[in-house]
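Worksheet: the structure to be examined is printed underneath.
Each reported figure results from applying straightforward, stated rules to the coordinates on display, with no laboratory input. Small disclaimer: the values here were computed from a predicted structure and weren't measured. In this analysis, Cβ positions are derived from the backbone assuming ideal geometry, glycine residues included, and neighbour counts consider all displayed protein chains.
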Amino acid sequence: MAVVPARKLSRDAHRRRIHRRMRQSMAGSEQRPRLCVFRSIKHIRVQVIDDLKGHTIAAASSLDADVKKQIKGGGNIASAKVVGKMIAERAKAAGVEYVVFDRGGYQYHGRVQALAEAAREAGLKF
């Protein structure tokens, strides 16, 4: 008798499943908000979120006018570094120094890693 394999998840569905599992043990507070990353093929977006109040403290994206001046394209490591530096500056201006890093279900590799390292170099502490 043939065994029918389980339905294969799409890449995005698999990432969302991993992210949901990660979020069960991670939450941003007022003292230590969550630095949440979303990456698409063309762009990268990041937010600093206070989950207890349910609002965004700071945000940066490769679509921002300040970032677009410094980069060519938005879906590469160079743009992730610029966005990481920008989110650190904006978070520090809002009074945030410590964050919980939420990689959004993506591997800590490539653009996600570059963004995190740039934010650390600019003064955010994970």
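Worth a mention:
- Using a Förster distance of 35 Å, the FRET efficiency for residue 53-residue 14 (Cβ separation, nearest 0.05): 0.70
- Theoretical FRET efficiency, 1/(1+(r/R0)^6), r = Cβ-Cβ of residue 26 and residue 72, R0 30 Å, to 0.05: 0.35
- Listed by chain and number, the lysines whose C-alpha is less than 20 Å from the C-alpha of residue 92, apart from same-chain residues fewer than 8 away, are 53, 81, 125.
- Phi-derived couplings, Karplus 6.51 cos²θ - 1.76 cosθ + 1.60 at θ = phi - 60°, listed residue by residue for the stretch 102-109: 10, 7, x, x, 8, 5, 7, 6 Hz, with x used for Gly and Pro.
- Reference-scaled alpha-carbon Rg (2.2 N^0.38 Å with N residues) for the chain: 1.16
- Stretched out straight at 0.36 nm per residue, the stretch from residue 38 to residue 65 would grow longer than its current Cα-Cα span by 7.9 nm.
- A simple count of charges around residue 111, restricted to other residues whose Cβ falls under 12 Å of its Cβ and scoring Lys, Arg +1 and Asp, Glu -1, yields +4.
- Helix 111-121 axis versus longest C-alpha principal axis of the chain: approximately 30°, rounded to the nearest ten.
- Under the criterion of Cα pairs below 8 Å and six or more residues apart, the relative contact order for the chain equals 26 percent.
- Candidates 103, 39, 21: whichever shows maximal mean-square fluctuation once the chain is modelled as a Gaussian network with Cα springs under 10 Å: 21
- The chain - share of DSSP beta bridges that are antiparallel (%, nearest 5): 75
- Added length on full extension, which subtracts the Cα-Cα distance from 0.36 nm per residue, residue 117 to residue 98: 5.4 nm
- Summing Lys and Arg as +1 and Asp and Glu as -1 over all other residues whose Cβ lies under 15 Å from the Cβ of residue 95 gives a net charge of +1.
- Distance from the C-alpha centroid of the stretch 24-56 to that of the stretch 70-115: 11 Å, rounded to the whole angstrom.
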